[in-house]
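Down below is the structure, laid out as structure tokens.
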Amino acid sequence: MATSGVDDRRIAILRRVIEHYVTTGQPVGSNHVASLPGVSVSAATIRNDMAALEADGYLAQPHTSAGRIPTDKGYRVYVDHLTSTDVEKAGRLDSVNRQRLGDFFDSAHFRLEETLHRTSLLLAQLTNYTAVVTGPSVSEAVVRSAHIVSLNDRIGTVVAVLSNGDIESEQIEFTSPPSDLQIALANAQLNESLVGKALSNAAFTPRSTASGNARTADGVDSEVEILVARAIEAVAAGQHRDSVFVGGTASLTTAFEAVDVVRSVLETLEQQYVVVSLVRDMLSRGVSVAIGAETGVEPLSVCSVVLAPVIRDGETIGSVGVLGPTRMNYPAALATVEVVSNRLGRRLTEN
């Protein structure tokens, strides 16, 4: 990304200001920057450079006598100039967290939804930011097997195992108590109609040759057809549910001082379609970091999102990301999100 005439020295000063502000949350003055190890220019030069960075919109001065803080534009330049070494160094997990990460994915033999949910909690613990994890599209998943289970005379459950590792379980009502034979016949028809097909193509064609027939020529009666039709309708309804898991929302209460800001961000995260749209937009544009207004979601304009795709067999099937204040440790967030997305992709491939 072009930096509109920002030279290397000013970028280095901007970096020092951002790293100090991320750590302390306090405005940074030129004298402090001049005192930092490795800084070889005078405080006067730094003062002039910081004034130029402010004039160009990379820094802001919250109070007349105070130091300066980064703007969203400043964070963007900082992120765009991060090197792989910066990210690797800042995001190197300590031995305890490396062990925790390894243990989790080595033993993550859960249903897909449970794996994604637990991954969001783990990522939130590793970063101290709110984690957002999305899973494979349910609508394109292929049905591997399907069964109706009778719970009592009036209620049953239809269970479908999908190729994405998910298990759809939906309740259905019986028009009349089904016999064991009817359940068996319905399961045969259910698998014939669903197995090998994408959930979005789930459909059932009745075998009855005439309305009101008590029994068709091949022994499938109308009650069985009704049972199969209801089961497929219940399973197909699940394709419209997005797999979005948010963990660590409590971190938002310490990230922002204003209660109304925290409330607004939380309410936005509860709207799954907003989260899914944001994630899909970032993935489609190949964007790994969205800062402030770049998210395109007004209530999240005070936040940044760091995202990495989850890859299985060369295909993007989901994402792993964190959401926090724009005053975020971007190198550490990028590194941690990357390692978790890689491990999750490997786990889903193995499953």
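Read the figures in this text as sums done on the coordinates, not as results from a lab. Predicted, not measured: the structure shown is a model, and the values here were computed from it. Note that we place each Cβ from the backbone using ideal geometry, even for glycine, and neighbour counts take in every protein chain shown.
Structure data summary
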{"read-out": "Simple Cβ-charge dipole of the chain, Lys/Arg +1 and Asp/Glu -1, about Cα centre, in debye nearest 20", "value": "1080"}
{"read-out": "Most mobile listed residue (Thr316, Thr175, Thr268) in the chain, GNM with C-alpha springs under 10 Å", "value": "Thr175"}
{"read-out": "GNM result for the chain, Cα springs below 10 Å: residue of Glu257, Glu233, Glu113 fluctuating most strongly", "value": "Glu257"}
{"read-out": "Principal-axis tilt of helix 112-127 within the chain, Cα atoms, nearest 10 degrees", "value": "10"}
{"read-out": "Sum of -39500 (n - 2.57) over DSSP H runs of 4+, divided by residues of the chain (222 nm, nearest 500)", "value": "-14500 deg cm²/dmol"}
{"read-out": "Helix axis angle, 180-194 relative to the chain longest principal axis, alpha carbon, degrees", "value": "50"}
{"read-out": "Per-residue HN-Hα couplings for segment 20-25 [Karplus 6.51, -1.76, 1.60; θ = phi - 60°; Hz; x = Gly/Pro]", "value": "5, 5, 4, 6, 9, x"}
{"read-out": "Nearest-ten-degree value, helix 43-55 long axis tilted from longest Cα axis of the chain", "value": "50"}
{"read-out": "Residue among Ile172, Ile46, Ile155 with the largest mean-square fluctuation in a Gaussian network model of the chain, springs linking Cα atoms under 10 Å", "value": "Ile155"}
{"read-out": "With at most 16 other Cβ atoms within 10 Å, longest stretch of the chain clear of loop trypsin sites (Lys or Arg not before Pro) (DSSP)", "value": "242-351"}
{"read-out": "Mean separation of Cα contacts under 8 Å (6+ apart) over length of the chain, as relative contact order %", "value": "18"}
{"read-out": "Thr254-Val41 pseudo-label distance in nm [points 7 Å out on the Cα-to-Cβ vector]", "value": "3.6"}
{"read-out": "Distance histogram in 5 Å bins (all Cα pairs of segment 8-81, percent per bin)", "value": "3, 18, 33, 28, 15, 2, 0"}
{"read-out": "Label corresponding to log10 I(q)/I(0) by the Debye sum over Cα atoms at q = 0.09, 0.12 Å⁻¹ when calculated from the structure given, among [x] -0.45, -0.80; [y] -0.49, -0.90; [z] -0.62, -0.90", "value": "[z]"}
